[in-house]
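Derivation of every value follows stated rules applied to the coordinates shown; laboratory data play no part. Only a predicted model underlies this, so the values are computations on that prediction, with no experimental measurement involved. No Cβ is skipped: glycine too gets one built from the backbone with ideal geometry, and neighbour counts run over all protein chains shown.
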Amino acid sequence: MREAIVSIVHSDPHDLGFLSSRWTLGELRELLQWQRPITLPGLWRLLARLGITWKRGRDYLISPDPDYRAKCDYIAEIEREAKDSAGEIVALYLDEMSFYRQPSLSYGYDDAVTSPWPTALTKVTPSLE
């Protein structure tokens, strides 16, 4: 049962006919009625026992670009030049695709046991090392 629920919370709600962008407890209950009727508090307790928790999203991206580090170095160089130029050089950021493709930062259900992401995060900046 745990694997079935984890696969559901890792899937897109739209793929299973829901309109929300993140899973709600009510939607999960609707999908899990196959076993037996369950109340929302009962489902919450079941998820907690299975190690599936309500977690805050993380405010960072992992780039699949193989040139990511080189591009970060180049951006850092341009930022230094702009800062040192006393206003003669201006750094302008333009990134259309990730603005439209990234969901807003919010909460969602995730597997607390095998999640590869950190459990607490203050601020993440790209590491160039």
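So here's what we get for this one:
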item	result
Val6, Val90 arranged by Cβ crowding within 10 Å, fewest neighbours leading	Val90, Val6
Cβ-Cβ FRET estimate between His10 and Lys71, R0 fixed at 35 Å, reported to 0.05	0.75
For Leu92, Leu47, order by how many other beta-carbon atoms lie within 10 Å, fewest first	Leu92, Leu47
Per-residue Cβ neighbour rank within 10 angstrom, fewest leading, Arg49, Arg69	Arg49, Arg69
Whole-Hz ³J(HN,Hα) from phi, Karplus 6.51 cos²θ - 1.76 cosθ + 1.60, for segment 67-77, glycine and proline x	9, 4, 5, 4, 5, 5, 4, 5, 4, 4, 5
